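Step one of this worksheet: look at the structure below.
The values are calculated or read from the model by the stated rules, or taken from the named source; none is laboratory data. As the structure is a computational prediction, the values presented were derived from the model and not from experiment. Neighbour counts are summed over all protein chains in view; Cβ atoms, including those assigned to glycine, are modelled from backbone coordinates with ideal geometry. Accessible surface areas use protein heavy atoms only, side chains included; no ligands, DNA or RNA. Shrake-Rupley method; radii C 1.70, N 1.55, O 1.52, S 1.80 Å.
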Amino acid sequence: MLPCAMTIEKMHSPVDALWDWSYEIEQKRVEELYSKAKRDQWDADVALDWSIPIDPGGKILDAERMAFLKLQFFRKLDARQLETFNAHYSAWILSQLLHGEQGALMVAGELVAAVPDYEAKLYVASQAMDEARHVEVFGRYIRALDKIYPAQPTLKEILRDILETEYWQAKMVGMQVILEGLALGTFLNVRAATACPLLRALLGYVSRDEARHVAFGSIYLTSEIARMHADDRAAVEDFSCETMKKTVAMRRGTEAMAGFEEVLIDSGLDPADFVSALHAEVAAGFKLSATPGNVHTVRSLVMPGIVRAGLVSDRVRPKYEAAGIKLFADTSILEEFEDSGEVRAS
Ligand SMILES: [Fe+2]
Ligand SMILES: [Fe+2]
């Protein structure tokens, strides 16, 4: 257990609290989503069978479906080493989801105060409960598997940006559209890639909650962004673009690997050996290609959400282009997920 000073970190959030004294429901679809959220609450103690053993040597993540594990460096390990690595690597990935869930919990809590409309406050309160459950289940699962790894530095920076922005609309985009969109892709892909029945069941429940969260973004955020003063909307557009740049960086290259040394060391592997093997393999043509059947997270879930929210104006478009971020706008997979909580394999 770390000393308290290392486990508590303060970030300053400057959002205002708004009262809605009317108690009137103006947006029927938000109320419907709140009703659905109340109906579909679940208790992790009851819904999930925690007696299912979590086998750290079993396939928490299936190497065949994780592009990264196709590196020769991992292929050369013996079965025991690979199992040890697989357990730590899975815990590391799941830990990043856990930290994102804590962010989602705190932002949902803040949004209860920050959103102006009565029915949106009720809905966001239900989302805070959903996120509390997600923090609970990921925390329980990771501790049973291994240990909780620290947040990747870029993830933490994004979480800080989201907590510290003065615009609640920017918090909603950063958390609900970008980070949760990213997490959702990981939930769906890990669920397809795991041989652990408890993790698969857990991700199934979490994904169904997330379908409501994505739907709320579509129903409420889009109209609220349209209602903003042009200057404020421009600030939210810029925030979204900057957060996307960090998000893309976090998924690639050296930033994606930050914190990974700890996984290697815990697995009895030498980070220096790994780095030199990686350089040699990349020089020889190894590419982290998308795994067939996986959801393309940025293309199908995150970017279409930003475009749909009305945050890619002619003013900000060149900034995305300069950063090499493609403006995917096809919302079909996003909508399919909102409706059903599932996506078909692409
Ligand atoms: Fe969540
Ligand atoms: Fe969520």
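If you wrap the tightest convex hull around every Cα atom of the range 101-197 and split its volume per residue, you get 105 Å³.
Contact order, relative form, for the chain: 23 percent (alpha carbon pairs under 8 Å, 6 or more residues apart, mean separation divided by residue count). Accessible area per residue was computed with a 1.4 Å probe on protein heavy atoms; S13 scores about 40 Å². Taking the empirical scaling 2.2 N^0.38 Å for compact globular proteins as reference, the chain has a Cα radius of gyration ratio of 1.00.
The ellipsoid that matches the Cα gyration tensor of the range 1-155 has semi-axes, each √(5λ) in whole angstrom, of 38, 19, 15, with the longest given first.
Surface analysis of the chain yields an accessible area of 47 Å² per residue, using protein heavy atoms and a 1.4 Å probe.
Look at the alpha carbon pairs under 8 Å that are at least 6 residues apart: their mean separation over the length of the range 176-305 gives a relative contact order of 47 percent.
Between I8 and A280, the contour length at 0.36 nm per residue exceeds the alpha carbon distance by 93.9 nm. Residues I93, I306, I25 ordered from highest to lowest accessible area at a 1.4 Å probe: I25, I93, I306. Just list whichever of K246/K287; K38/K171; K28/K156; K121/K147; K245/K287; K36/K246 have alpha carbons separated by over 31 Å in the model shown. In this structure, K28/K156; K121/K147; K36/K246 exceed 31 Å between Cα atoms.
Stretched out fully, how many nm does the piece from W42 to M129 gain, at 0.36 nm a residue minus the Cα gap? Here the segment from W42 to M129 would lengthen by 30.3 nm. The listed residues Y34, Y320 rank as Y34, Y320 when sorted by accessible area, largest first, using a 1.4 Å probe.
Ranking I142, V263, M228 by how far each Cα lies toward the positive end of the dipole of the chain (charges on Cβ) leaves V263 at the top.
Can you give the FRET efficiency to the nearest 0.05 for E164 and E262, using r as the Cβ-Cβ distance and R₀ = 25 Å? Efficiency computed from Cβ-Cβ geometry: 0.40. Multiplying the residue separation of A195 and A234 by 0.36 nm and subtracting their alpha-carbon distance yields 9.5 nm. Largest accessible area first, the listed residues T243, T186, T7 line up as T7, T186, T243 when surface is computed with a 1.4 Å probe on the assembled protein chains. Shown for the range 193-346: the carbon plus sulfur share of the solvent-accessible area, taken with all protein chains present and a 1.4 angstrom probe, equals 55%.
Please work out whether the range 1-51 counts as rounded, prolate or oblate from its C-alpha gyration tensor, where a ≥ b ≥ c are the square roots of the eigenvalues and a/c under 1.5 means rounded, while otherwise a/b larger than b/c means prolate and anything else oblate? Cα axes put the range 1-51 in the oblate bin. Shown here for the range 191-291: trypsin sites (Lys or Arg not before Pro) in loop regions (DSSP other than H, G, I, E, B) with at most 12 other Cβ atoms within 10 Å, namely R252, K287.
Could you give the nm distance between label points at E157 and R299, where each point is 7 Å from its Cα heading toward the beta carbon? With each label placed 7 Å out from Cα toward Cβ, I get 2.6 nm.
Could you compute the FRET efficiency for D55 and S332, with r as their C-beta to C-beta distance and R0 at 51 Å, rounded to 0.05? Using R0 = 51 Å, I get an efficiency of 0.85.
Accessible surface of Y23, taken over heavy atoms with a 1.4 Å probe and every protein chain present, rounds to 130 Å². Relative to the longest principal axis of the Cα atoms of the chain, helix 230-250 runs at roughly 10 degrees.
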